Amino acid sequence: MIVFDKLFVLMQQKGVTTYWLREKCGIDSKTVRRLKANDNMETKTLNKLCAVLDCKVEDIMEYIPD
């Protein structure tokens, strides 16, 4: 299972809120809910997150075996 726990840790470290992602970066509120629920995510969304947070994909998600 892919989990996005690292994303929220990184956001806290950088002082970024979900409001900032929605309002300043164009990340839809539905997408934020999907990230919190570890739902499927499009690669273009992952690309956008990495760009605005200046990080690598492995900094925001990880694979945990079921």
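Computed from backbone phi, the HN-Hα couplings of the stretch 49-66 come to 4, 5, 5, 6, 9, 6, 9, 9, 4, 6, 7, 10, 8, 8, 8, 10, x, 5 Hz, rounded to whole numbers (Karplus: 6.51 cos²θ - 1.76 cosθ + 1.60, θ = phi - 60°; Gly and Pro given as x). Of the residues MET1, MET41, the one with the largest accessible area comes first in the ranking MET1, MET41, computed with a 1.4 Å probe on protein heavy atoms. If you sort THR43, THR17, THR31 by accessible surface, 1.4 Å probe, largest first, the order is THR43, THR17, THR31. Estimated from helical segments only, the mean residue ellipticity of the chain at 222 nm is -16000 deg cm²/dmol, where each DSSP H run of four or more residues counts as -39500 (n - 2.57).
Extension gain for LYS44-TRP20 works out to 6.8 nm (0.36 nm per residue, less the C-alpha to C-alpha distance).
Select one label from (1) 14.1; (2) 14.5; (3) 11.9: the one whose number is Kirkwood radius over Cα pairs in Å as derived from the coordinates shown. So the calculated entry is the one marked (3). In this view, the solvent-accessible surface of GLU42, computed with a 1.4 Å probe and all protein chains in place, comes to about 110 Å².
Using the 1.4 Å probe convention, the accessible area of the chain works out to 70 Å² per residue with neighbouring protein chains retained. Charge dipole of the chain (Cα centre as origin; +1 on each Lys and Arg Cβ, -1 on each Asp and Glu Cβ, all else neutral): 300 debye, rounded to the nearest 20.
Using a 1.4 Å probe over the heavy atoms of the protein chains, calculate the carbon and sulfur portion of the accessible area of the chain as a whole percent. Percent of accessible area from carbon and sulfur atoms in the chain: 48. Stretching ARG34 away from GLU58 to a fully extended chain increases their span by 6.8 nm, per 0.36 nm per residue minus the current alpha-carbon distance.
The values are calculated or read from the model by the stated rules, or taken from the named source; none is laboratory data. Because the structure is a prediction, the values reported are computed rather than measured. With ideal geometry, Cβ positions are generated from the backbone for all residues, glycine too; neighbour counts draw on all protein chains shown. All accessible areas refer to the heavy atoms of the entire protein, side chains included, with ligands and DNA or RNA removed. Shrake-Rupley method; radii C 1.70, N 1.55, O 1.52, S 1.80 Å.
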